[in-house]
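Below is one structure; the comments refer to it alone.
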Amino acid sequence: MDQFQAKVKLSLMRKVLFFCTFISFRVLSISQAVIPLYTNNQVKDALPCDRKEEVATDAVDGRIHISRVVQPSLTVYRAASTNKARAAVIVCPGGSYINLSMTHEGYEVAEQLNKYGITAFVLKYRLPNDSCMKQRETGPLQDLQQAIILVKSRAKEWGIDSSKVGVLGFSAGGHLVSTSVTHFNTCFADNPMNISVRPSFGVLIYPVISFQEEIAHKFSRENLLGKNPTKEKMDLFSSEKQVTSQTPPCFLVHPQDDKTVPVKNSIYFYDALVNNKVKAELLIYQSGGHGFGLTNPSTKETWMDQLIPWLQLNGFYQP
């Protein structure tokens, strides 16, 4: 084969590869549905505002970050083959309550859950803002509760068990999950069918838990509660203080060397779970830092490898 023929063959191979990749991406996109969280986007207790959603793509890794969310939504990742327990997971990306890390703390996690036959929903929730919502501190929780209501009400359509809908969150998304597993007795969403907003289980990855001065991630606290929150509000949204015996089972992951959100956030929450006899597991990595998503760079193992057996142990997964 001469040099010209080799170049032609290489060019054709590249075109075929690009075409196959494009088709695969299109199929993946078609298999997912993005649905509004509220009917006709009529968000309860929302105020008229002129904020426009902003989407940024990282120039280095291509990750998507969304801020200034006004119209929340769910991206549905249906498992091709549902596991026998038919559990589902609502995924809450982190971002300090100022933006949402949608790719590595959302879409990639949903895709991984799909591999185990678990249908997942990535939640794009509203971020606290006084000009767009009546109560900034309950806006994100309202959206997560609305997502739980929506998923449970359409469980038959998606082939899932409405009694096995869990929540999973990272960092500030982990704080949102911790509030949902401790504040479910108050529903902030419209709920005419009186569907329980208590999650079946919670998965918290390097979560913000406490707003107490000594261990708080102060940026998340300020973004959720404002610059000068009262002690009562800080206590109310310090989830380690809100655990009861009715809190659902929880699985926590946190690196010891997390410089952004101290590991004591997870330790204090785990202690509260144990003290209230709530089933729980805590995985503490020696290192890994903050914000790694699915894969801790310090180890070849993933927390998902530990999560699936825990879900199976508690009846939320059956291969």
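Bear in mind these aren't lab numbers, they're just calculated from the coordinates by the rules spelled out. This is a predicted model, so every value here is computed, not measured. All Cβ positions, even for glycine, are placed from backbone atoms using ideal geometry, and neighbour counts span all protein chains on display.
Below, the figures for the structure above:
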quantity: Phi-based couplings in Hz for the stretch 135-148 (Karplus 6.51, -1.76, 1.60; Gly and Pro marked x); calculated: 10, 4, 6, 10, x, x, 5, 4, 5, 5, 5, 4, 5, 4
quantity: Given charges at Cβ of Lys, Arg, Asp, Glu: the stretch 35-171 dipole, positive-most of Ala147, Ser81, Leu47; calculated: Ser81
quantity: Dipole in debye (nearest 20) - the stretch 34-313, about Cα centre, beta carbon charges: Lys, Arg +1; Asp, Glu -1; calculated: 660 debye
quantity: Karplus (6.51, -1.76, 1.60) ³J(HN,Hα), θ = phi - 60°, over the stretch 279-286, in Hz, Gly and Pro reported as x; calculated: 4, 7, 9, 10, 9, 10, 7, 5
quantity: Relative contact order of the stretch 48-98, pairs being alpha-carbon contacts under 8 Å that are 6 or more residues apart, as %; calculated: 27 percent
quantity: Protection proxy ranking, peptides 243-250, 230-237, 165-172, 183-190, average beta carbon neighbours within 10 Å, highest first; calculated: 165-172, 243-250, 183-190, 230-237
quantity: Residues whose placed amide H lies under 5 Å from that of Met133, excluding near-sequence neighbours; calculated: Leu47
quantity: Difference of contour (0.36 nm per residue) and Cα-Cα distance, Glu213 to Leu294; calculated: 26.3 nm
quantity: Rounded to the nearest 20 debye, dipole of the stretch 84-146 from Cβ charges on Lys, Arg, Asp, Glu; calculated: 240 debye
quantity: The stretch 66-209: Rg to Rh, with Rh as the Kirkwood radius over Cα pairs; calculated: 0.94
quantity: Label-point separation, Val274 to Asn194 (7 Å along Cα→Cβ), nm; calculated: 3.9 nm
quantity: For the stretch 149-217 and the stretch 223-263, distance of Cα centres in Å; calculated: 14 Å
quantity: Kirkwood hydrodynamic radius (C-alpha pairs) into Stokes-Einstein, the chain, 10 °C and 1.306 mPa s, D in µm²/s; calculated: 78 µm²/s
quantity: Estimated inter-spin distance, Val55 and Gln256, nm [label 7 Å along Cα→Cβ]; calculated: 4.2 nm
quantity: Length-normalised contact order of the chain in % [C-alpha pairs under 8 Å, at least 6 apart]; calculated: 15 percent
quantity: Global form of the stretch 184-266, assessed from the alpha-carbon gyration tensor, a/c cut-off 1.5; calculated: oblate
quantity: Those residues of the stretch 274-295 whose amide nitrogen sits under 17 Å from the label point placed on Gln246, 7 Å along Cα→Cβ; calculated: 276-279
quantity: Highest-fluctuation residue, Gln32, Gln146, Gln135 considered, GNM on the chain with Cα pairs under 10 Å; calculated: Gln32
quantity: Extension gain (nm, one decimal) between Met304 and Lys84, 0.36 nm per residue minus Cα-Cα; calculated: 77.4 nm
quantity: Footprinting exposure proxy for Asp258, Asp161, Asp130 (fewest neighbouring C-beta atoms within 10 Å first); calculated: Asp130, Asp161, Asp258
quantity: Other-chain or far-sequence residues with amide H under 5 Å of Leu252's (modelled H); calculated: Leu204, Glu281, Leu282, Leu283
